[in-house]
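Please treat every number below as a calculation from the coordinates, not as lab data. Computed from a predicted structure; not experimentally measured. Every residue, glycine as well, gets a Cβ built from its backbone with ideal geometry; the counts of neighbours run over all protein chains shown.
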Amino acid sequence: MSTNETTAQPVGGIAPAMIRRTPKRDYVPFYGPIAMIVFLVVWEVGLRIAEIPELYLPRPTVIAQNLYLLFTEGGILQDLGVTLYRIFGGFFLAAFVGIVLGILMGTSRKLYAICDIFIAVLYPIPKISLVPLLIIWFGSGDLFQIVLAALGCFFPVVINTILGVRQCDQGLILAARDLGASERQIKWKVVFPAAVPSIFSGLKLALGIAIIMVVAAEMLTAKYGLGARLQLSGQILETGQVFAILLLLAVLGGLLTKGQERIDRMIGRWRT
Amino acid sequence: MSTNETTAQPVGGIAPAMIRRTPKRDYVPFYGPIAMIVFLVVWEVGLRIAEIPELYLPRPTVIAQNLYLLFTEGGILQDLGVTLYRIFGGFFLAAFVGIVLGILMGTSRKLYAICDIFIAVLYPIPKISLVPLLIIWFGSGDLFQIVLAALGCFFPVVINTILGVRQCDQGLILAARDLGASERQIKWKVVFPAAVPSIFSGLKLALGIAIIMVVAAEMLTAKYGLGARLQLSGQILETGQVFAILLLLAVLGGLLTKGQERIDRMIGRWRT
Amino acid sequence: QGAFDAPAKLKVGIVPYISSGPFMVAQAKGYFKKLNLEVESEIFQDGGLAIPSLVGGALDVIVSTCNAGLFNTIAKGAQFRLFTDRGRESVGMGSQAMMVNKELYEQGFTDVSGYKLMKGKKIGISVRGSISQLLHTKALQRAGLTPEDCEWQWGVDTKSAPTLLAANQIGLANIPIPLSHAVEAKGAGKIATWSDDIMPDVQLAGWAAKETFLTEQRSVAVRYAMVHLQSVRDFVDAATNGNPEIVKIIAEATRLPAEVIETARPRWTGYALDGLPNEASVMEQAKFWTDAGMVTRMLDASEIINTDIVKEAAQRLSDANPFI
Amino acid sequence: MQLYEVLADQISHQWTSKNRPPTLAIDNVSCAFPAGKVTAIVGPSGCGKSTLLLILRGLIESTQGAIRFRYTNGSGAIVDGAPARMATVWQSFNLLPWRTVLDNVAFGLELASVSKEERYAKAHEAIKAVELGGFEGHFPSQLSGGMRQRVGLARGLVMSPDILLLDEPFGALDAQTRVYMQEQLAGLVETAGKTVILVTHSIEEAVFLSDHVIVMTARPGRVAATRDIPLPRPRAIEVQNDPRFSALFTEIYDVLRDEVVKSMMG
Amino acid sequence: MQLYEVLADQISHQWTSKNRPPTLAIDNVSCAFPAGKVTAIVGPSGCGKSTLLLILRGLIESTQGAIRFRYTNGSGAIVDGAPARMATVWQSFNLLPWRTVLDNVAFGLELASVSKEERYAKAHEAIKAVELGGFEGHFPSQLSGGMRQRVGLARGLVMSPDILLLDEPFGALDAQTRVYMQEQLAGLVETAGKTVILVTHSIEEAVFLSDHVIVMTARPGRVAATRDIPLPRPRAIEVQNDPRFSALFTEIYDVLRDEVVKSMMG
Ligand SMILES: Nc1ncnc2c1ncn2[C@@H]1O[C@H](COP(=O)(O)OP(=O)(O)OP(=O)(O)O)[C@@H](O)[C@H]1O
Ligand SMILES: Nc1ncnc2c1ncn2[C@@H]1O[C@H](COP(=O)(O)OP(=O)(O)OP(=O)(O)O)[C@@H](O)[C@H]1O
Ligand SMILES: [Mg+2]
Ligand SMILES: [Mg+2]
């Protein structure tokens, strides 16, 4: 191999970086909250200066005040409980069915061929347009809410599970088979754990969708639940309250996601 | 190591399987369509026998007939075009922003810390509840539809991109750095291609969501588009037409997903 | 069929608004139980969502809002009838405010004649084929304009209308009580006129049940109508005298603050004391939607309305009122 | 305990992938792996040794040919039948990254539903045997290459297999650990009487450990030569100073050189 | 062309991970890698050889100590400064799985914005040098272990680095290919005058290829001994028959044995 004159010259700029490439470990956990606080302050002050009416977009302090009132006088806790029950009902239903089906589809070419077409066809149908049908079949109570949420979050779980299963290292499967694993054991002791990171990112998406679906369904038919409250506050133009409930939803979503991430990290501590 | 008496015995049942473990390659591509046809026949015949009214759940033949009429007399092609334009507008917008932000977030701990909290908070807010705000900012035309769709499908893209980036083999990054790659080159020549399978499964989810969001937004506000047609048909309880449009959406979704899978396979031919 | 008051269960689809007041009163005061009816209710934000459940048999009685969908469903062969009144825009008591933005109000859109100012302006309605579209169209025609003279913005539901009015994104939208008062209080828009100024006594909705239910379970239907008539009396009385018991019942059932219910009281939805649907108004609406091409054929009144049940109920009530 | 003999009968294997012309990895390989003996396979890089191992283990199906297992039953007759336990030690380790060293080693026993207590006891023993005591709780990503390879070795050994397949089991080990592990393996083989198939790059290793060496040609792999190794057992590392050792080494080296040169020309 | 010397000054490195006590991989290692010479590092498995290489290459930051580079400039003075090009050949290959052999080998040149024509020409040359002609279009998953290792080798060589770091570059090669590649490398080193740092498990390889051997202790890795290899150059494989070779081998072997025994005692 001949020496390349152009590229073999010492390039001053690269040298120092070569010795220290590991990024310095800053203490980053505070970056997020700080950014959020800055954002909120800009929001508050901006609206005060621009004198935008509360109707359009209420200020954070007004929202916080409304939220406080909702808790102390509005009995929002009951609604929160109802909504959480429906969210988790739908989420766990979809997670269970989605993971099992995803693993079976990822490991069986036949089953994949059969189910794939249904998934491809059902997935893009707006679930909200199925509300009338679902109401006929499941009534307009909790079961309906749970089924609708499950329908919404089933697809990310299935799709990500299949992806995870497909990415599983063939070598691991061979090794397990060599050690006498049955096809069933391979599925649950090799393919499934290998797919866990991917499944988790599916579950993360799913939980978000579950929240959205339940709230939307509650807005349509429920008497209790955060969605129903949202509908109600809208009816009397309590914009502050509307945003307070949205904030509650956001915080709820944030907390659930963080909790999920913590579980994910605990399970995934073998990585790096 | 002592011999385990129980497990060291020859187990007759295992023996033949040991010699032939590779699953026989059946010709599976027809399984899906056949399953679909069976499903449709059961639907048609079932409803005829049970004499369920069309309003409740129309038969496939009725739906097909309605679909035919929509094309020949209903001028649905124009609506289809409008809807496709909005779907792809939102999808590509979200894909671009989501992939770039996802890669930056996956590779920078600071940026991750800052953006993560906003994503966690914004993701679970039902995007539909932002419609009034969005209309004020973007009007009620195409731009509004596109932004709404992009808002909806931005999250799966970002989340899956971050996942893919995180799963990138550290050894590959070290090797690239060793070969003189700049941080930028590492991002785009190592981390990004390594994340492609995961990004693709995010895009698959995103396209589905884009369809759902555009149709939902059209149902709410649009004059043209499949969602607008769906709304009108639903409003006057033309259930056959509603299902015909849902079918059209399903087929559209199926086609788009298949196209996406083909691209994915082409790019991913290095796997196995 | 057994005795007239044999125990019966029925499932009812309702909407959670003040207009459901009589039903709420009936439930709270135990009127149904008195007639041996066990009623289970399901809530729908939009009455249209309940029609498939009625036709499919999951519900026995529903609130059926007058709109293109209702007529078209019947035109396509669904066998159900409106068997009592379920709210109307009685003169002076219209429940829908026609609200305009400040600009239009200042230009003089302060009563129904103001519609003439709407040329080239935007009207916000929630969905096509709804009674709001009908109301606006009638008012425009009366002011010498056609619907094509304005721009129509769909998807403006009651929650987004105030913001859009305040932002001048639309000029006109109809907003129901009690929201309309809140909107005016917050300065987002002005009440220009009311629905009853445009179409006095227009029928808003009726209690609907399947033809088979009305014949096969006639006694249940009649008892239901009796309860309806009795609770309508309580409701209409309370609308004039502000009976705090009734106000409290409605506040609890709608989950709205009692003050809000009280403020809206003068314009709580109007009800016919005899329970008879306004046939003329219903037929006018049917014709309108048929002309608009949203209903496949013009219907006959007898295909939409059944008056037997409520007439028998009124008779029985005047013979012996079981509720006093 | 039965001793199993393995027979490869005219095995050929072609790898196919969608976008490339197919690769004929091995071509018409017939050979025997005698019962209770160690057979080494040597051959140029890419000649299909790992492929042959996969076929012998029944994990992929050869495009042609068949594999037979035979053993002598109680009354001395020779009977066809696959063994209860075979175990493979992999060139690329193939450890489950989400399991600790202990749980990786115990994996095979867990699959066979051995009680927790028993399998952990055995796994601990095997981990000690490969000198990894103290690393039971580490994950594979926290180990060096050589340590991972030893975990793979322990995972196979703990199964007390009737037939042991080793694909470069000492490739990632340092010279000394390698000798130590080789001696361990030699001891194990001599006392336990297993049928062992060993793929290796090292002729020394092949001669030192085996009773029988199969030299393969360059791709497509065929059998170039087979040689018995009549060195006495038990063997210690000093056997390498035996003049017969050097003679065998040179003999195999010469065959292999021709093959490697051939593989590099063409 | 400048010849670079590398100095490691009291390097220690501790690996930390969240759920385990930290591992002290190397402890206070000071050593020099002379300019234009080959220095081999041998040591027991897990003693921190790969870790040391990462630190020398500047890819991880050592917990303590510093690395210095020096070269002689035009006027003969010794100057501090890092070289333009260093290249590493990895124990675990680290090939980009989505790139073909050709694009993997050309990767470093592509990063340096070398024109497509030029980089492919050079890559083809390097691929031929490691005897992989004809496999340019294969993906890594379609190659055997030894073939992948040779791709890694070609990828490093094509960069014409001033300092070459080799982590077990011949570990996955068969005996013959190994000798061939060793001879190739010896020739390259002798003519091109590069500074080479070679981690190996094979004492033979260390003695055959290097001018200088560093023996490391068991973990935590320290410098147990260093030995110059005064064998004449150019060297061919026959140098292994030289009695000095055996003497050096035995000497290093003895140090290493003590370390391995120590590491296994615990
Ligand atoms: N999964 C696969 N797909 C396609 N080709 C493959 C695959 N595995 C191996 N090959 C090809 O088969 C041939 C033999 O590979 P194999 O891994 O059996 O060689 P080997 O003798 O074990 O080599 P080494 O000593 O380098 O490990 C090679 O040419 C390789 O390219
Ligand atoms: N990423 C890591 N995280 C935690 N510990 C590590 C990591 N990499 C290596 N170690 C630990 O550091 C020690 C030295 O490892 P290293 O890979 O440097 O050894 P080595 O000398 O290269 O071994 P071998 O010859 O087996 O390749 C080992 O105990 C190992 O467990
Ligand atoms: Mg191999
Ligand atoms: Mg190492």
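Ranking D:W90, C:V112, B:Y56 by how far each Cα lies toward the positive end of the dipole of the protein assembly as shown (charges on Cβ) leaves D:W90 at the top. Computed over chain C with a Gaussian network model linking Cα atoms closer than 10 Å, the most mobile of C:S180, C:S41, C:S20 is C:S41.
Listed values for region D:83-91 are Karplus-derived 3J(HN,Hα) couplings in whole Hz (6.51 cos²θ - 1.76 cosθ + 1.60, θ = phi - 60°), namely x, 5, 10, 10, 9, 10, 10, 9, 4, and x replaces Gly and Pro. Proximity of backbone amide H atoms, modeled 1.01 Å from N, is registered between D:I229 and D:H212, D:V213 at under 5 Å, excluding neighbours fewer than 5 places apart on the same chain. Taking a ≥ b ≥ c as the square roots of the Cα gyration tensor eigenvalues, with a/c under 1.5 meaning rounded and otherwise prolate when a/b beats b/c, else oblate, which class fits chain E? Cα axes put chain E in the rounded bin. Placing a label point 7 Å from Cα along the Cα-to-Cβ axis, E:Q14 is separated from the same position in the other copies by 6.0 nm, shortest listed first.
Under 20 Å from a label point set 7 Å out along the Cα-to-Cβ vector of A:R265, the amide N atoms of region A:184-214 belong to A:196-205, A:207-208.
For the peptide C:38-45, the mean number of other protein chain Cβ atoms found within 10 angstrom of a residue's Cβ is 4. Rounded to the nearest Å, what's the spacing between the alpha carbon centres of region A:61-124 and region C:261-309? Just the number, please. The two parts, judged by their Cα centres, are 41 Å apart. With contributions of -39500 (n - 2.57) from each DSSP H run of at least four residues, the per-residue ellipticity at 222 nm computed over chain B stands at -24500 deg cm²/dmol. Each label was represented as a point 7 Å from its Cα along the Cα-to-Cβ direction; for E:E61 and C:R218 these points are 9.2 nm apart. Each copy carries a label point for B:G46 at 7 Å from Cα toward Cβ; from one copy, the others' points are 5.2 nm away, ordered from shortest. In this structure, C:E211 and C:A320 have a Cβ-Cβ separation that, at R0 = 25 Å, corresponds to a calculated FRET efficiency of about 0.30. For the options C:G189, C:G124, C:G155, a Gaussian network treatment of chain C with springs between C-alpha atoms closer than 10 Å singles out C:G155 as fluctuating the most.
Computing FRET efficiency as 1/(1 + (r/R0)^6) for A:R184 and D:E238, where r is the C-beta to C-beta distance and R0 is 51 Å, gives about 0.55.
Taking label points 7 Å from Cα along the Cα-to-Cβ direction, C:D5 and D:E190 give a separation of 10.5 nm.
The C-alpha atoms of chain D define a longest principal axis, and helix D:145-157 lies at about 80 degrees to it. Here the relative contact order of region A:143-206, from alpha carbon pairs under 8 Å that lie six or more residues apart, stands at 53 percent.
Fewest-first ordering of B:T61, A:T257, C:T212 by other beta carbons within 10 Å of each residue's beta carbon gives C:T212, B:T61, A:T257. Please label the shape of region E:128-179 as rounded, prolate or oblate, based on the square roots a ≥ b ≥ c of the eigenvalues of the alpha-carbon gyration tensor (a/c under 1.5 means rounded; beyond that, a/b larger than b/c means prolate, else oblate). It comes out oblate by the Cα gyration axes. Expressed as a whole percent, the proportion of Cα-Cα pairs in region B:60-271 lying more than 33 Å apart is 27%. Working from the Cα coordinates of the protein assembly as shown, the gyration tensor eigenvalues give, after taking √(5λ), semi-axes of 77, 35, 27 Å in decreasing order. When each of E:W98, B:W137 is scored by the number of other beta-carbon atoms lying within 10 Å, the sequence from fewest to most is B:W137, E:W98.
Compactness check for region E:140-266: Cα Rg over 2.2 N^0.38 Å is 1.12.
To the nearest 10 degrees, how steep is helix E:116-129 against the longest Cα principal axis of chain E, on a 0 to 90 scale? On a 0 to 90 degree scale, this one is about 60. Here's how it looks for E:L165: its modeled amide H is under 5 Å from those of E:A87, E:T88, E:V89, E:I197, which are all 5 or more places away or on a different chain. Placing +1 on each Lys and Arg Cβ and -1 on each Asp and Glu Cβ, with no other charges, gives the protein assembly as shown a dipole about its Cα centre of roughly 920 debye.
For chain E, the longest principal axis of the alpha carbon atoms and the long axis of helix E:243-265 meet at an angle near 70°. Closest approach of any chain E Cβ to the axis that rotates E onto D belongs to E:G171, 3, distance given in whole Å. Remark: region C:118-124, residue by residue, has Karplus-estimated 3J(HN,Hα) of 7, 4, x, 9, 9, 10, x Hz, where x stands for each Gly or Pro and the curve is 6.51 cos²θ - 1.76 cosθ + 1.60 at θ = phi - 60°. In this assembly of identical copies, the label point of A:D142 (Cα plus 7 Å along Cα-to-Cβ) is separated from its counterparts by 4.8 nm, sorted shortest first. Binning all Cα-Cα separations of region C:59-108 at 5 Å, short to long from zero, yields these whole-percent fractions: 4, 13, 17, 17, 13, 11, 10, 7, 6, 3.
Taking D:N104, D:N241, D:N28 in turn, the Gaussian network model of chain D (Cα-Cα springs below 10 Å) assigns the largest fluctuation to D:N241.
Within chain E, DSSP assigns beta bridges of which about 55% are antiparallel (rounded to the nearest 5). Backbone geometry of region E:214-230 corresponds, through the Karplus equation with coefficients 6.51, -1.76 and 1.60 at θ = phi - 60°, to 3J(HN,Hα) couplings of 10, 9, 9, 7, 5, 3, x, x, 10, 7, 7, 6, 10, 9, 7, 10, x Hz, x marking Gly and Pro. With a Förster radius of 56 Å applied to the C-beta separation of C:R297 and D:Q10, the computed FRET efficiency comes to 0.10. The residue among B:G202, B:M213, B:L232 whose Cα reaches farthest toward the positive pole of the charge dipole of region B:60-271, with charges on the beta-carbon of Lys, Arg, Asp and Glu, is B:G202. The charge dipole of region E:84-233, taken about its Cα centre with unit charges on the Cβ atoms of Lys, Arg (+1), Asp and Glu (-1) only, comes to about 300 debye.
Show me, bin by bin at 10 Å from 0, the whole-percent P(r) of chain C based on Cα pairs. The percentages, shortest bin first, are 6, 26, 34, 23, 9, 2, 0.
P(r) tail, region D:1-138: Cα-Cα pairs separated by more than 22 Å, 55% of all pairs.
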